[in-house]
Amino acid sequence: MTIFTETYKVRSTQVNLNNQLGLYGVLGMLQDIAAEHAASLGFGYKDLIKQGFFWALIQQKLKMYEWPEWNERVTIHTWSLPVQGVHAFRQFELYVGDRKIGESASTWITMDIASRRPIDMTDRQDLFHPRRDGGIQMQTERVLLPEEMIHVGDFKVRVSDLDVNSHVNNVKYTQWALDMMREQDHRQWVIREYDINFLSETFLGDTMQGYKSHAHFLNPEKTLVETYLCAQKEGGTKPAFIAKWKAELINN
């Protein structure tokens, strides 16, 4: 099954303060359908654990042209692309009815549970049933932080941040990023593009230091803005994640 499809109802627990599906909610949907597709093809979480390794998401890009509201139904199509060495690639398209509302690309690696080192999956290409007829014209990208980042606060990794691998789930990093923004930012701006890179694991009890950049306007009218966010473990040598969002002024 090259292309896998699921339809999700936008639940009350997934909407943000603008009564729309939030960034945290949509990334959760993408994580869910990726897991469902992988399991249906025989390389889901339980299958990989038996073989001593697990999936790790390292980069993701999302573009949203329209955000669905509470109770709307979102149909998501997903597929894998051909593996390249230790890197696997997955893409997504999101629809409400026949309207395409968004698309996403993601890059993954397979990690050995014991050594925490990546595994080359090139010789297992057929396992992924990759799509070879193109897909969307989008790739993940490396996010580079600007020189000046502002410290916005420290926080502890909690039990609710952890997933089945006993480290912080990738979607939780986005929740941290959202919490670094002011309430008025969420009310005045709607995210159109979001990039995130996952650089290091974090675990229960770690103290994280959150940072964000000054807002950078992308047009003279100041209706498009770009902001960088990251969090680094206290005493760590590199961030746990680096994120960048591009947002449009609401009611523009």
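The values are calculated or read from the model by the stated rules, or taken from the named source; none is laboratory data. Note that this is a predicted model, so its numbers are computed, not measured. Here Cβ is always computed from backbone atoms with ideal geometry, including for glycine, and neighbour counts include all displayed protein chains. Heads up: the accessible areas ignore ligands, DNA and RNA and are worked out on the full protein's heavy atoms, side chains in. Shrake-Rupley method; radii C 1.70, N 1.55, O 1.52, S 1.80 Å.
So the values come out like this:
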read-out: Residues satisfying the stated conditions in the range 179-194, i.e. under 13 Å from the mean Cα position of the chain (by Cα) and open to solvent by 30 Å² or more (accessible area, probe 1.4 Å); value: Glu193
read-out: Residues of the range 65-84 satisfying the condition of being buried (at least 19 other Cβ atoms within 10 Å of the Cβ), at pLDDT below 95 and among the polar types (S, T, N, Q); value: Ser80
read-out: Residue count, the range 34-47 (criterion: surrounded by fewer than 19 Cβ atoms within 10 Å (Cβ to Cβ) and within 21 Å of the chain's Cα centre (by Cα)); value: 5
read-out: Sole exception among (1) polar (S, T, N, Q); (2) out of contact with any helix residue (DSSP H, G or I) (no Cβ under 9 Å at 6 or more places or on another chain); (3) surrounded by fewer than 16 Cβ atoms within 10 Å (Cβ to Cβ) for Asn197, by number; value: (3)
read-out: Unmet requirement for Glu201, which otherwise passes all of (1) within 27 Å of Thr110 (Cα to Cα); (2) in a strand (DSSP E or B); (3) of a type outside the set (A, V, I, L, M, F, W, C); (4) in contact (Cβ under 8 Å) with a residue 40 or more places away in the chain; value: (2)
read-out: Subset tally (residues that are in contact with a Pro (Cβ under 8 Å, 6 or more places away or on another chain) and β-branched (Val, Ile, Thr)) for the range 6-38; value: 1
read-out: Residue that is of a type outside the set (Ser, Thr, Tyr), closer than 21 Å to Ala56 by Cβ and part of a helix (DSSP H, G or I), where the choices are Gln175, Gln139, Gln184; value: Gln175
read-out: Residue that is farthest from Gly153 (Cα to Cα) [pool: residues in the range 196-217 that are of a type in the set (S, T, N, Q), at pLDDT 95 or above and under 19 Å from the mean Cα position of the chain (by Cα)]; value: Asn197
read-out: Out of Ser12, Ser104, sole residue that is open to solvent by less than 60 Å² (accessible area, probe 1.4 Å), within 30 Å of Asn251 (Cα to Cα) and not aliphatic (A, V, I, L, M); value: Ser104
read-out: Breaking point among (1) open to solvent by less than 40 Å² (accessible area, probe 1.4 Å); (2) of a type in the set (D, E, K, R); (3) over 30 Å from Thr78 (Cβ atoms), for Glu234; value: (1)
read-out: Residues (in a loop (DSSP other than H, G, I, E, B), of a type in the set (S, T, N, Q) and open to solvent by 50 Å² or more (accessible area, probe 1.4 Å)) located in the range 142-169; value: Ser166
read-out: Only listed residue being open to solvent by less than 10 Å² (accessible area, probe 1.4 Å) and either among the acidic types (Asp, Glu) or free of Cβ contacts under 8 Å to residues at least 60 places away in the same chain (or both), chosen from Leu30, Leu21, Leu62; value: Leu21
read-out: Ala88 being farther than 27 Å from Ala247 by Cα and open to solvent by 50 Å² or more (accessible area, probe 1.4 Å); value: no
read-out: The range 94-116, residues that are under 21 Å from the mean Cα position of the chain (by Cα) and part of a loop (DSSP other than H, G, I, E, B); value: Arg116
read-out: Answer residue from the range 116-133, given it is at pLDDT 85 or above and open to solvent by less than 60 Å² (accessible area, probe 1.4 Å) and is farthest from Lys50 (Cα to Cα) among those; value: Arg131
